[in-house]
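Just so you know, all these numbers are worked out from the coordinates, no wet-lab data involved. All figures in this text were calculated on a predicted structure; none of them were measured in a lab. Neighbour counts run over all protein chains shown; Cβ positions are idealised from the backbone, glycine included.
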Amino acid sequence: MNITEKIIKAHLISGDMKAGSEIGLKIDQTLTQDSTGTMAYLQFESMGVDKVKTELSVAYIDHNTLQSGFENADDHAYIQSVALKHGIRVSKPGNGICHQVHLERFSKPGKTLIGSDSHTPTCGGMGMLAIGAGGLDVALAMGGAPLYLNMPKVVKVELKGKLTHNAAAKDIILEVLRILTVKGGVGKVMEYCGDGVKTLSVPERATIANMGAELGATASVFPSDETTLAFLKAQGRESDFVPLFADADASYDESIAIDLAKLRPLAACPHSPDSVKPVSELKDIKVDQVCIGSCTNSSYADMLKVAAILKGKTIAPSVSLTVSPGSRQVLTMLSKCGALADIISAGARVLECACGPCIGMGQSPKTNAVSVRTFNRNFYARSGTASANVYLVSPETAAYTALFGKLTDPSDFPEVNVQLPERFEINDNLILKPEDFSDVEIVRGPNIKPFPKAKKLEKKISGKALIVCDDNITTDHIMPSNSKLLPYRSNIPYLSDYCLNPVDPEFSARAKENGGGFIVAGSNYGQGSSREHAALVPLYLGIKAVIAVSFARIHQSNLINNGIMPLVFENPADKKKIAEGDELYIADALSEIMSGSKITVVNKTNGATIPTVLSLSPRLKEVMLGGGVLALSAAKSK
């Protein structure tokens, strides 16, 4: 077996390990963050479970850290209190980005992890099967339920040789994105092997696993080897090590190979992570802003490389440079070794250990700016400035770009090499343990509103096509995430005014005026973040179904969990048969779901009959008919 199959087999609760069939997995660990966590814990509370059933659950506060009003602070107080009351550890603001901290302090080879953040697969760099999921799936796992998903295909990614010419781990995953595109990993796990893996540190592996999310992949997995053991030793966690390798005769569903020695620095161009070109072809593009950090590239090793490049130099006058260390551990070590002084002296603005600009939480570029970032996503307007062009690069490319004020190829300079320490600085005093607190009272601020709940599916479904969208609509489009809206993650009624606003500012008003209806979209609808709000807000607006050419995995699951039908055009060309404002009708959704996977949609405006597909396991049919997971659970408990 390959590594993925070994972990799945060890955690299989139900189903057969046959690609495409539904399986249920035991979950060892969960994580949440404060952007998605408030809703996840409200859902967890509604389940009536006293204590979490996992080996470890951690609530991180790392997203909504700009406290310009009471809302974020209230959410943090709620998360901290509800988590501690139910046996969940809390990583306080300032302790770091969830994926970086979890990699350092909690990840374990061979274990399963799900998190209410799409970049949870970062810990695949440690040999975990780490999967991003909606908040409700995480809440259910904390309550002891399995994670249900379709058995993924496994793609063998063979890395050959060794990186040279200042090419970096970021360039490896950008090359995979160039080859496979943002849709190429849907329904798959990317499993890395080959002699090139041995040359990569755990943080480098984590960078690659992190951006597997941009492929749409379920997870990315690396072996657990001597390099893994050395990292765990340095973190004081040697006892967590277990070796984990694919068998010599392991089989895979697909395979690609990358010669690391031939790889050169790459950049993802606006506005998609798979719009990849060599930096050498983009040289001399004038740059206004450089941002270094995010859960992709904020490790100690990344920061040491940046410091080495900047040492004794000054950034270009035209550039604003920000640096966000990924964890308090990283920041502390940078300050003790002198690297932080090198970064500051060069002219960088050091931000707190948080997601920050990556999620549009501050540092929006100026009008028509070019922003070069070490982040994982460059979706249109995600930076907070719609007219900005964002490029995704490695820390090496970003640092040299900051010095010269234009996109700069780091392969033109001597190689930058750093060594990981034999011992990391370990201080977990900002991680609260529930056993240290008793009689916790849950704190609920006025911004925390009840989440919407679906009703049982009706036989006849009708409504207008409220919007017709293009391909690759992201969750940033469906439910924007920025410094103005993030404080309202626990207030669905407020957020409902902004649903699909980047696509059509009139959508929300139109949905409310018509009492809901249908969303029509192209391929890969719902790519990007795991945020469940992209399903909860449409539910609040009365959306009955989304009809698309194809869906991203997490968003499709979130729609089903919340009782919204994700219908797939049987013939993609039929999308052209629906225009905005057309009256759509499903005569008998209940019997069609029970009898198979075909749902017939009639366009009453032009008379077209449009066959769609709703592929559901028997369990998910029950969920859909019952109006979503929580509605079904409530009905069963009566």
Review point. Which lysines have a Cα less than 20 Å from the Cα of K366, not counting those fewer than 8 places away in the same chain?
Key: K286, K406, K484
Check your understanding: Along the three principal axes, how long is region 267-412 when you take its alpha carbons, biggest first, rounded to the nearest angstrom?
Key -> 39, 31, 25
Exercise for review: Specify whether the C-alpha gyration tensor of region 377-419 places it in the rounded, prolate or oblate class, a ≥ b ≥ c being the square roots of the eigenvalues: rounded for a/c under 1.5, otherwise prolate if a/b is larger than b/c and oblate if not.
Suggested key: prolate
Exercise for review: Would you mind checking the radius of gyration and Dmax of region 101-158 based on alpha-carbon positions, in Å?
Suggested key: 11.9, 38
Practice item. Using every pair of alpha-carbon atoms in region 461-637, split the distances into 5 Å bins beginning at 0 and state the percent of pairs per bin, rounded to integers. Key: 1, 9, 18, 23, 22, 16, 8, 3, 1, 0
**Study point:** Spatially proximal aspartates and glutamates relative to K188 (Cα-Cα < 13 Å; intrachain offsets below 8 disregarded)
**Key:** E5, E214, D253, E254
Point to revise | Distant alpha-carbon pairs in region 206-350 (separation over 28 angstrom), percent | key: 36 percent
Exercise for review: Just report the Cα centroid separation between region 50-121 and region 295-336, whole Å.
Suggested key: 24 Å
Check your understanding: K598: which lysines have alpha carbons under 21 Å from its alpha carbon, excluding same-chain residues fewer than 8 sequence positions away?
Key -> K456, K459, K460, K464, K544, K575, K576, K577, K621
Revision key, fill the gap. Sorted on mean Cβ neighbours within 10 Å (highest first), peptides 611-619, 192-200, 219-227 come out as 219-227, 192-200, 611-619
Practice item. Mind giving me the nanometre distance, one decimal, between the label points for A308 and R349, set 7 Å out from Cα along Cα→Cβ? Key: 2.8 nm
Point to revise | Separation of alpha-carbon centers, region 423-449 and region 359-374, rounded to whole Å | key: 32 Å
Practice item. Please list 579-586, 418-425, 465-472, 8-15 highest first by mean number of surrounding beta-carbon atoms within 10 Å per residue. Key: 465-472, 579-586, 8-15, 418-425
Study note, to complete from the structure: Between E583 and V613, Cβ-based FRET efficiency (R0 25 Å, step 0.05) works out to 0.70
Check your understanding: Given R₀ = 60 Å, FRET efficiency for A573-C337 by Cβ-Cβ distance, to 0.05?
Key -> 0.50
Exercise for review: Provide the percentage of antiparallel DSSP beta bridges, counting only those with both residues in region 121-270; round to the nearest 5.
Suggested key: 10 percent
Practice item. Please find the FRET efficiency linking K604 to S318, where r is the Cβ-Cβ separation and R0 is fixed at 56 Å, and quote it to the nearest 0.05. Key: 0.45
Point to revise | Spin-label pair K160/K53, simplified geometry with 7 Å Cα→Cβ offset, distance in nm | key: 4.8 nm
Point to revise | DSSP bridge pairs, the chain: antiparallel proportion in percent, nearest 5 | key: 35 percent
Revision key, fill the gap. With the 8 Å Cα cutoff and a minimum separation of six or more residues, the chain has a relative contact order in percent of 14 percent
Review point. Which whole-number percentage describes the relative contact order of region 584-638, with Cα contacts under 8 Å and a sequence gap of 6 or more?
Key: 25 percent
Exercise for review: Measure out, as a whole number of angstrom, how far apart the alpha-carbon centroids of region 150-180 and region 590-607 sit.
Suggested key: 42 Å
Review point. Among bridges DSSP assigns within region 437-583, what percent are antiparallel (round to 5)?
Key: 5 percent
Practice item. Measure off 7 Å from each Cα along the Cα-to-Cβ vector at N429 and K621, then give the distance between these two points in nanometres to one decimal. Key: 5.9 nm
Study note, to complete from the structure: Quick shape check on region 47-134: root eigenvalues a ≥ b ≥ c of the Cα gyration tensor, a/c under 1.5 is rounded, otherwise prolate if a/b tops b/c, else oblate, and it reads oblate
